[in-house]
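Colleague: Sharing a structure below in structure tokens format, with a few things to ask.
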Amino acid sequence: MLVFNRLRIDPANGSPAVDYRIENGFVESRTLETDATKRSTPAIEKQWQRLTPQQLTSRLVADTVLLHWLRRRMGVYALIRACNQDSSSPNNPALESSNQAAA
């Protein structure tokens, strides 16, 4: 996996950092849990979760850093499609890859 397809946003206010990545045309995120009182404790990375179009849209409205990063990495049109994807759509990259694997 290419490193430039990941973005970590650390609010530096005690809230957990959030990692974002682009995977097969979808945006995924995970939180990075740390114990702020114990600096020597390593961070615990949670599992990657694919963002739904609604989650992606709400995060883009709230976070301009994420918006700019995704726009540069994915392009405007792909980002708009990601915010409007229907999981049952035949143009859904996840369905295309699962259909190819089944064949």
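Colleague: Using label points projected 7 Å from each Cα along Cα→Cβ, tell me how many nm separate T64 and F4, to one decimal.
Modeller: Label at T64, label at F4, 2.4 nm between them.
Colleague: Now for a different question. Would you mind checking which residues have amide H under 5 Å from V27's amide H? H placed 1.01 Å from N; only 5 or more apart, or other chain.
Modeller: Residues meeting the criterion, in which the H sits 1.01 Å from N, are L51.
Taken together, the values in this text are just the output of simple stated rules run on the coordinates, not laboratory data. The model shown is predicted, which means the values in this text are computed figures rather than measured ones. Positions of Cβ are backbone-derived with ideal geometry, glycine not excepted, and every protein chain shown enters the neighbour counts.
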